Every structure is written in C-alpha cells, then in structure tokens.
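Participant: Would you mind keeping the following structure in view while I ask a few things?
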Amino acid sequence: MKNNISQQLFEKAKQYFPGGVNSPVRAFRSVGGVPVFMEKGKGAHVWDADGNEYIDYCGSWGPLILGHANDKVLSAVSKTMQNGTSFGAPTRLENELAELIIGNNRFLEKIRFVSSGTEAVMSAIRLARGFTGRNKILKFEGCYHGHSDSLLVKAGSGLVTFGNTSSAGVPKSFVEETIVVPLNSMQGIEEAFVKFKDQIACIIIEPIPANNGLLLQDRMYLQFLRDTCTKHGTLIIFDEVISGFRIGFEGAAGYYDIKPDIVTYGKIIGGGFPVGAYGASKEIMASISPDGNVYQAGTLSGNPVAMSAGIAQLTECLKPNFYQELEAKTKLLVDGLSEIHTNNFKVFSIGSIFWIAFTEKHHIKAAEEIDAESMRYFKTLFHQLLESGIYLGPSGYEVGFVNEAHTSADIQRTVEVFKESLI
Ligand SMILES: *Cc1c(COP(=O)(O)O)cnc(C)c1O
C-alpha cells in the first residue's frame, strides 16, 4: 500500500497541530503508523490522498448513516447555501428540523440546537443543575460524554468515588461534584444515593454505551436507574449522541421504551455537519434562557446549512423499513464475522453498531471487563484490514457503523478480508 502522500501530509500537520491532528484518536497512537489522510468519500467508500480505496466503517465516527456525499444531503445543502450560510437570526429550517424530530419522538416536547455533542451534554448538565437546584452529577465509568470539564473524570478506587480528573487542566474542585460508578452496578447507585441523598442533580448515561467498546446494559438496569431517579427527584439524562437516530429514530429511549428526562443528540442529527441538540419536556426546557434562568447560547446554533443537512438525512431515516434494512445488513456482517474463532475473536452488536473484541467473554457490561492486553490483536488486525481496503476507527475501543450505503458486496468483501487476515 502506498502512503507517501499521507506521510508527507502528516509531517506537515505535525508542525501545525498537537500530534498532527485536531482530535486525538485520529493520530493513530493506539494502532501505530501514519494516519490515512482522506481525500474523498462516496457512499460506503473513501479514498485517501495516495489514491487507496477503502470500505469505510468509521463513517466519521457515526454521523454518516446514509454514507458519504449522499446526493439528497448534498443537494439540500447547496440549495440552502445559495441564500447565505449564517444569519444569527432564526430561520424556518430550524422549525423544520425540530418538527421532524419532535413529531416523531414520544420523549421530547422542546429542543435546543447547538453545534456539537460536547456542547449538548454540557448544556444538559447545566439544565439539570439549574432545574433541580442541586450540584452533584453521577456518571458511569466507561461512558464518554464529550470533553467538558465536569465530565472528564475517571473512577478512583472503590465502588462509588469522586472522579479523578482524566485531563490536566480540570480543577479538582470541579470533579468533586462528579460521582463515578461502574456500569451495570446497582449497588454503586444505591450507595451513591445513600451518601449523597438530595444532592444529585442528574444521572447521565449512554443508554447504549459505545465509546469504550460496546457495553450493552440490560433493560432492567436502565429501568432501575429511571426508577431511582424518579424516587429521588434526580433527572436522568440519556446521552444519545451516538445512539440517537441510529438505534431507530427514537434512539435508545425508544428501543428500551424508557423515558429519559433530558436527551442529548449529536452526530447523525447534523447529516455530517456540526450539530448537537438537547431536549426535554416543556416544563424542564422552560428553565432555559430566555424563558428561564439557565443560560445557553451559540453564534452558529441552528445554522441553516447544517439544519438542511440534518433535515435531508433524518427524512431518509424516517422512510419505512429504513432501520430494519440497516439492521438486516449489519446482521449479515456480524453473522459472517462470527464464524471466525481465532484468538477469541468476537463481534458484539446492536442495530447498526458493532464492536470487535478479542475476549473469552460472551457479554461485556462494564469497562473493567475489557482486557487492555487484548488490544494488541486489534492493532495487528487493524493494519491488515487497512492494507486490504477496510477502514475502521483506529482504536480497539471504538465501535464500527454500518450505513445505508454499504452494499451486500461490501459486506461480503469485508467478511472475506477479515477471514484472510485472522485465519
Ligand atoms: C461523540 C460523543 C459526544 C461528543 O460529541 P462531539 O460532537 O464529539 O463533541 C458526547 N457523547 C457521546 C455519547 C458521544 O458519542
């Protein structure tokens, strides 16, 4: 595989950006080697700067549920752009996207558009604190919620801990308001509510945890969290930045049929443009400025170009059988890969999300159950796949995404390449 041009671009990028990148995982540190610089994408395929072609399962980390450069998204965007790219004033497109979302979701009455998943979560946390008048928040080890200060925390030792900061630059006093509990632990939750009774503003969870492997929870556990929150006047936030519009149009809330108090979205909602959103009941959203006293704003919030991309993409998602077909296609891939048994190779999946792991376990529900040692197998596999034209996110902790544009030929080819690489 030629990669001279990617190498040259990376050398240059290292002069400009820390690690040569604008988001850390892109630097290939966990798999080694030189990041592939992308040049173009169409459907399920991408081409790098050296002209190599790949079947892409990263999908820009989840947003591209229709694949790259989807014609309907492109034409909506270019039509909108002809009339200007931003006004900092309301446009009809915000109403249209909101109507599409709220009209097809049983769990939301009002939303607010922002520009990233991080911003959506940060705002949702502020809303939960403002609404309840409480300071502490509870998160789970193994869930990622973007890079705002109070969420850059990891568990200390013990079942219920205040987080240790997982980044320099986050004051200890911030993370002292963040309680960290292992996923799938009822005892941890019960202890936390004994210790911090009436102080916990919200529990935040990825109802389908997909940022540290795929740590699928039992429905019963999510219901337990819902009930615990109701009992204590705590809000439950479903961070659906990945799962929203991916596991069905109503995301994990719809899939499990559990009503969260606040939901956050990102990724798919913007059709490949920078959009995030948070939403809740009218009553909770009444706390947001200018109706209420929880401040939140954005120069490019509800940007018309991004809104039209979101409208075009979500309109496709709402077509009959969209998710059934996506799931059936993913099943082809997962069934094909499940015939491989080398080094305890396993594929975990839900909807159109899949995760490759090397483990003896048949269920993995908490971060601590992932064997860091096994990542060396992923590292080798990743490069073999890359050489053979399959592009995965460059870390064994990341999930892959099947999108509408993957053909059965793509899936077949992928299964073949995995077999050649692993057996
Ligand atoms: C990606 C992600 C975020 C952060 O979104 P950005 O757009 O990268 O800021 C937050 N929460 C979850 C669950 C995510 O997957």
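Participant: Look through region 21-40, keep the residues that are in contact (Cβ under 8 Å) with a residue 60 or more places away in the chain and among the hydrophobic types (A, V, I, L, M, F, W, C), and return whichever of them is most open to solvent (accessible area, probe 1.4 Å). Let's see the steps before the verdict.
Facilitator: Quick first cut of region 21-40, residues in contact (Cβ under 8 Å) with a residue 60 or more places away in the chain only: 25-26, 28, 30-33, 35-36.
Filter again for among the hydrophobic types (A, V, I, L, M, F, W, C), leaving 25, 28, 31, 36.
Details: 25: 53, 28: 3, 31: 4, 36: 20 Å².
My answer is 25.
Participant: For region 278-293, indicate whether the set of residues that are within 15 Å of the chain's Cα centre (by Cα), at pLDDT 95 or above and either over 27 Å from residue 81 (Cα atoms) or within 16 Å of the ligand (Cβ to nearest atom) (or both) is non-empty.
Facilitator: The initial filter retains those residues of region 278-293 that are within 15 Å of the chain's Cα centre (by Cα), namely 278.
From what is left, the residues that are at pLDDT 95 or above are 278.
Next cut, either over 27 Å from residue 81 (Cα atoms) or within 16 Å of the ligand (Cβ to nearest atom) (or both) only: 278.
Yes, because at least one residue in region 278-293 is within 15 Å of the chain's Cα centre (by Cα), at pLDDT 95 or above and either over 27 Å from residue 81 (Cα atoms) or within 16 Å of the ligand (Cβ to nearest atom) (or both).
Participant: What is the one condition in (1) within 30 Å of residue 412 (Cα to Cα); (2) of a type outside the set (Asp, Glu); (3) touching a residue at least 60 places away in the same chain (Cβ under 8 Å) that residue 293 does not satisfy?
Facilitator: Looking at each condition in turn, residue 293 falls short on (1).
Participant: Of the residues 49, 44, which is aliphatic (A, V, I, L, M), assigned by TED's automatic domain parsing to the domain that holds residue 20, in contact (Cβ under 8 Å) with a residue 12 or more places away in the chain and farther than 30 Å from residue 374 by Cβ? Break it down stepwise before answering.
Facilitator: On the way: 44 fails: farther than 30 Å from residue 374 by Cβ.
None of the others qualify; the one that does is 49.
Participant: Hey, among the residues in region 267-284 that are in contact with an Asp or Glu (Cβ under 7 Å, 6 or more places away or on another chain) and assigned to a helix (DSSP H, G or I), which one's surrounded by the fewest Cβ atoms within 10 Å (Cβ to Cβ)? If you could, list the steps in order and put the result at the bottom.
Facilitator: Taking region 267-284 first, the residues in contact with an Asp or Glu (Cβ under 7 Å, 6 or more places away or on another chain) are 276, 280-282, 284.
Checking the rest, the ones that are also assigned to a helix (DSSP H, G or I) come to 282, 284.
On the way: 282: 10, 284: 23.
Top of the filtered list is 282.
Participant: Which of the helices (runs of 4 or more DSSP H) contained wholly in region 291-394 include at least 2 residues that are more than 27 Å from residue 70 (Cα to Cα)?
Facilitator: Passing ranges, in order: 322-337, 375-387.
Participant: Now for a different question. Condition test on residue 341, is it modelled with pLDDT under 95 and under 28 Å from residue 142 (Cα atoms)?
Facilitator: On the way: modelled with pLDDT under 95: yes; under 28 Å from residue 142 (Cα atoms): yes.
The answer is yes for residue 341.
Participant: What pairs come up if the first residue lies in region 54-78 and is in contact (Cβ under 8 Å) with a residue 40 or more places away in the chain and within 16 Å of the ligand (Cβ to nearest atom), the second is among the basic types (Lys, Arg) and open to solvent by 50 Å² or more (accessible area, probe 1.4 Å), and their beta carbons are under 6 Å apart, counting only those six or more places apart or on different chains?
Facilitator: Close Cβ pairs (under 6 Å, with a partner that is among the basic types (Lys, Arg) and open to solvent by 50 Å² or more (accessible area, probe 1.4 Å)) amount to 62/267; 63/267.
Participant: If residue 246 satisfies every condition in (1) within 16 Å of the ligand (Cβ to nearest atom); (2) at pLDDT below 95; (3) crowded, with 22+ Cβ neighbours inside 10 Å but one, which is the exception?
Facilitator: Only one criterion in (1) within 16 Å of the ligand (Cβ to nearest atom); (2) at pLDDT below 95; (3) crowded, with 22+ Cβ neighbours inside 10 Å is unmet by residue 246, namely (2).
Participant: Answer yes if at least one residue in region 175-185 is out of contact with any strand residue (DSSP E or B) (no Cβ under 8 Å at 6 or more places or on another chain) and open to solvent by 70 Å² or more (accessible area, probe 1.4 Å), and no otherwise.
Facilitator: Within region 175-185, the subset out of contact with any strand residue (DSSP E or B) (no Cβ under 8 Å at 6 or more places or on another chain) is 184-185.
So of that shortlist, the ones also open to solvent by 70 Å² or more (accessible area, probe 1.4 Å) come out as none.
No; the residues of region 175-185 include none that is out of contact with any strand residue (DSSP E or B) (no Cβ under 8 Å at 6 or more places or on another chain) and open to solvent by 70 Å² or more (accessible area, probe 1.4 Å).
Participant: Can you pull out the residues in region 42-60 that are closer than 24 Å to residue 11 by Cβ, outside any loop (DSSP other than H, G, I, E, B) and in contact with an Asp or Glu (Cβ under 9 Å, 6 or more places away or on another chain)?
Facilitator: Correct list: 46, 47, 48, 54.
The values are calculated or read from the model by the stated rules, or taken from the named source; none is laboratory data. Being a predicted model, the structure only gives us computed values, none of them experimental. A quick note on method: Cβ atoms are made from the backbone with ideal geometry, for glycine too, and the neighbour counts reach across all protein chains shown. For the accessible areas, the whole protein counts, side chains as well, though only heavy atoms, and no ligand, DNA or RNA atoms are used. Shrake-Rupley method; radii C 1.70, N 1.55, O 1.52, S 1.80 Å.
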